[in-house]
1. Taking H placed 1.01 Å from N in the peptide plane, check which residues at least 5 places from Arg83 or on another chain put their amide H under 5 Å from its amide H.
2. Counting only other residues whose beta carbon sits under 13 Å from that of Glu38, what net charge do I get with K and R as +1, D and E as -1?
3. If amide hydrogens are placed 1.01 Å from N in the peptide plane, which non-local residues have theirs closer than 5 Å to the one on Val60?
4. Kindly provide the GluC sites (Glu not before Pro) of the chain that DSSP labels as loop, not H, G, I, E or B, and whose Cβ sees at most 10 other Cβ atoms within 10 Å.
5. Whole-Hz Karplus ³J(HN,Hα) for the stretch 39-51, in order, using 6.51 cos²θ - 1.76 cosθ + 1.60 and θ = phi - 60°, x for Gly and Pro?
6. Once you list every other residue whose beta carbon is under 15 Å from the beta carbon of Gly18, what net charge do they have if Lys and Arg are +1 and Asp and Glu are -1?
7. Under a Cβ-Cβ cut-off of 14 Å, what is the net charge of the residues other than Ile74 that fall near it, where Lys and Arg count +1 and Asp and Glu count -1?
8. Output the antiparallel fraction of DSSP beta bridges having both residues in the stretch 3-97, as a percent to the nearest 5.
Amino acid sequence: MRRVVISAPAAKDLRDVGDYIATDSPVRARRFVAALKERCLSLAFHPFRGKPAPEIGLDVRMLVAGNYLILYRIQTEIVMIDRIIHGARDMAGLDDDL
């Protein structure tokens with residue numbers, strides 16, 4: 001089992017998602033962000049579950065979580081969560097953020 005690390009940009013992504021949803025429903029926002037975090041943490045047990053995303057980066061993988069994409073890299077002892085983005089977002093230039 002690998003340890004899951006949520007990067008600073010991914011943590012900001014989670015906060016931004018929560019803030020956006022909270023404008024409509026703070027309770028729903030907390031639940032949704034908690035579910036996204038759980039999905040990230042589940043990668044500790046099955047890190048190869050996500051599909052490769054070479055269009056973003058050579059070693060980047062992508063896991064779908066509802067309308068969001070969890071972008072991550074598998075390292076020797078950790079799974080690094082790099083970003084959590086909405087699936088409709090333009091991926092151009094995203095590799096610069098990883």
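Here, each number is a calculation from the coordinates, and none is a lab measurement. Keep in mind that what you see is a predicted model, and the values were worked out from it rather than measured. Glycine gets a Cβ as well: all are built from the backbone with ideal geometry, and neighbour counts include every protein chain shown.
1. Those lying under 5 Å, H to H, from Arg83 are Leu71.
2. Values: positive: Arg30, Arg31, Lys37, Arg39; negative: none.
Around Glu38, the surrounding residues sum to +4.
3. HN-HN under 5 Å from Val60: Ala53.
4. Numbers: sites: Glu38, Glu55, Glu77; in loops: Glu55, Glu77.
Sparse-neighbourhood loop GluC sites (Glu not before Pro): Glu77.
5. 4, 4, 5, 5, 5, 4, 8, 9, x, 8, 5, x, 8
6. Values: positive: Lys12, Arg15, Arg28, Arg30, Arg31, Lys37, Arg39; negative: Asp13, Asp16, Asp19, Asp24, Glu38.
Local net charge: +2.
7. Numbers: positive: Arg2, Arg3, Arg49, Lys51, Arg61, Arg73; negative: Asp59, Glu77, Asp82.
Around Ile74, the surrounding residues sum to +3.
8. Numbers: 15 of 19 bridges.
The antiparallel fraction comes to roughly 80 percent.
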